[in-house]
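Visitor: Below you will find the structure I want to go over with you.
FYI, it's all coordinate maths here, none of it is from the lab. The shown structure was predicted, so the numbers you read here are calculated from the model rather than taken from an experiment. Note: ideal-geometry Cβ built from the backbone for every residue, glycine included; neighbour counts use all protein chains shown.
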Amino acid sequence: MGHGDGRFPRMFRALVRVKLLILDDWGPEKLNAWQRRDLMEIVDERHENGSIIITSQLPVDRWHKIIGEPTIADAILDRIVHNAHRLELDGESLRKTRGKMKKGQEKTEHVMVEVTNKS
């Protein structure tokens, strides 16, 4: 995340300032040491100061293993899960469903979920 070319401080400030940070498709690969530290810093700075939406195909109980280092994983997950609204979806992927809709094979219901911060 911009460490080698000096962009990290500016990127970090931008990530912690936004009202809503979205981490999309999180967790397909295990984090390395730099990624763990960056995620910890971002989550720590945002804790109770901004919202984070995380989408992942991995169940939450596998996130600890993806983060790697147990102590850092505990700290990150404690901050993320504390006061979290968790939505677990079951069924086919949206891409697969949309593909079927285009072919006229199946209609689907659309669900809108509103998540608010309990401040």
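Visitor: Could you give the length gained on full extension between E41 and R13, defined as 0.36 nm per residue of separation minus the Cα-Cα distance, in nm?
Guide: 9.0 nm
Visitor: Please list 63-73, 25-35 highest first by mean number of surrounding beta-carbon atoms within 10 Å per residue. Walk me through the intermediate numbers first.
Guide: Working: 63-73: 14.7, 25-35: 12.5.
Going by the mean number of other Cβ atoms within 10 Å, highest first, we get 63-73, 25-35.
Visitor: Here is a follow-up. Return the distance in nm (one decimal) between the two label points of a simple spin-label model at D74 and L87, each offset 7 Å from Cα along Cα→Cβ.
Guide: Between D74 and L87, the simple spin-label model gives 3.2 nm.
Visitor: Taking every pair of alpha-carbon atoms in segment 8-102, give the share separated by more than 18 Å as a whole percent.
Guide: 51
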